[in-house]
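Read the figures in this text as sums done on the coordinates, not as results from a lab. Bear in mind that the values here come from a model prediction, so they are computed numbers and not experimental data. All Cβ positions, glycine included, derive from the backbone under ideal geometry; neighbour counts span all protein chains shown.
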Amino acid sequence: MEIRKVGVVGCGLMGSGIAEVSAKAGFDVVVREIDQGAVAAGRNRVEKSLARAVARGKLEESSRDEALARTIFTTSLEKMVGCDLIIEAIVESLEAKNELFTQLDGICSQDAIFASNTSSLTVTDMAAATSRPDRFVGLHFFNPVPVMKLVEVVRTIATSQETFDAAFAFAGAVGKTPIAAKDNSGFVVNLLLVPYMLDAIRQVERGVATIEDIDKAMTLGCGYPMGPFALGDFVGIDTLYRVAEIMYEEYREERYAPPPLLKRLMSMGRYGRKTGAGFYDWTPEGPVALKL
């Protein structure tokens, strides 16, 4: 099973990164977005990322040009026909993903492998919406995709060995370190990371320490690159809340339940760095922690 042409559905932060690393690795890439505005934004995101790599001396200008020449941006889902591997990177909604995979299933070759970049939904629930559960895997990349080295390759009870091996090899071919993960909500990283981040919020609610001091404790005491609150703002408060709800629905364990403070930030529209405010106010002078 040889993968030569890769389809990416969705060109937001994750989809653009997946498209970029695939094109840089020599794969022909087709990227689909819902309208021309989203296509233009996605193309711009890829071009800027490649330009930064050139400016930092990590990529030759010729390699950048070749990667862009190998990448097609489109609004047509039919352009996915002929792709050997199609990776979904749209909104974290099972209904939306299943609708997409049902459409793809009707137009793509039965030999094509389908993959989801979901971070919290179970892959089985998507594979079941298609006629090819044996050719369905999870390929969970991490943000920012061009920088982060890990990919969780998720195997369901129906995924064939051939499909898993091809997906695992693809992750390595785009310069990532793949690990095998069982198809449970959160896989490996989020299964461990989300409860840690939620518990940090609970400790602030209980008055154990301030937001700043918990972040300092985890960076200086444990060597983490950033504390749980800075990380929450980087990931996105809305994303963390949605993932926590999905995992709580799956496991019904209190440690996955969104704490009240997280819900209040959601209500206030404090979604993190992308909105300029979350657990911190991200000012030009530096981050200022929310006072509780």
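Under a 5 Å amide H cut-off, with hydrogens placed 1.01 Å from N, residue 272 pairs with 237, 277, 278 among residues at least 5 apart or on other chains.
Fully extending the segment from residue 255 to residue 281 would add 6.7 nm, taking 0.36 nm per residue of separation and subtracting the current Cα-Cα distance. Counted by Cβ distance under 14 Å from residue 159, the other residues give a net charge of -2, where Lys and Arg count +1 and Asp and Glu count -1.
Here the extension length gained between residue 220 and residue 188 equals 9.1 nm, from 0.36 nm per residue of separation less the Cα-Cα distance.
For the chain, the Kirkwood radius over C-alpha pairs fed into Stokes-Einstein at 25 °C and 0.890 mPa s yields D = 123 µm² per second.
A cut-off of 5 Å between modelled amide H atoms, ignoring neighbours fewer than 5 places along the same chain, links residue 151 with 177, 179.
For region 20-87, the gyration tensor built on C-alpha atoms gives an oblate shape. Its axis ratio a/c (a ≥ b ≥ c) is at least 1.5, and a/b is not larger than b/c. For region 120-126, backbone phi angles converted through the Karplus equation (6.51, -1.76, 1.60; θ = phi - 60°) give residue-by-residue couplings of 9, 6, 7, 5, 4, 5, 8 Hz, Gly and Pro being listed as x. Close amide H partners of residue 73, meaning residues 5 or more places away or on another chain with modelled amide H under 5 Å apart, are 31. Charged side chains reduced to their Cβ positions (Lys and Arg at +1, Asp and Glu at -1) give region 5-182 a dipole of some 600 debye around its Cα centre. Here's the picture: charge each Lys and Arg Cβ at +1 and each Asp and Glu Cβ at -1 in region 116-201, and of 142, 126, 175 the one pushed furthest to the positive end of that dipole is 175. Centroid-to-centroid, using Cα positions, region 222-292 and region 109-133 are 29 Å apart. Put the Cα centre of region 26-70 next to the Cα centre of region 159-192 and the gap is 24 Å. Between residue 234 and residue 63, the C-beta separation translates, for a Förster distance of 35 Å, into a calculated FRET efficiency of about 0.80. Scalar couplings 3J(HN,Hα) for region 158-169, obtained by applying the Karplus form with A = 6.51, B = -1.76, C = 1.60 to θ = phi - 60°, are 9, 5, 6, 4, 4, 5, 4, 4, 5, 5, 5, 5 Hz; x denotes Gly and Pro.
For the peptides 144-150, 30-36, 285-291, residues were scored by their other Cβ atoms within 10 Å and the scores averaged per peptide; the highest-first order is 30-36, 144-150, 285-291. Overall, region 111-213 carries a charge dipole of about 100 debye about its Cα centre when +1 sits on the Cβ of Lys and Arg and -1 on the Cβ of Asp and Glu, all other atoms neutral. Considering only beta bridges that DSSP places wholly inside the chain, some 30 percent are antiparallel. Footprinting exposure proxy ranking of 28, 111, fewest other C-beta atoms within 10 angstrom first, gives 111, 28. Comparing 156, 102, 219 in a Gaussian network model of the chain (Cα springs below 10 Å), the most mobile by mean-square fluctuation is 219. In this structure, residue 40 and residue 102 have a Cβ-Cβ separation that, at R0 = 30 Å, corresponds to a calculated FRET efficiency of about 0.65.
Placing unit charges on each Cβ (+1 for Lys and Arg, -1 for Asp and Glu) gives region 191-275 a dipole about its Cα centre, and among 211, 267, 222 the Cα reaching farthest toward its positive end belongs to 267.
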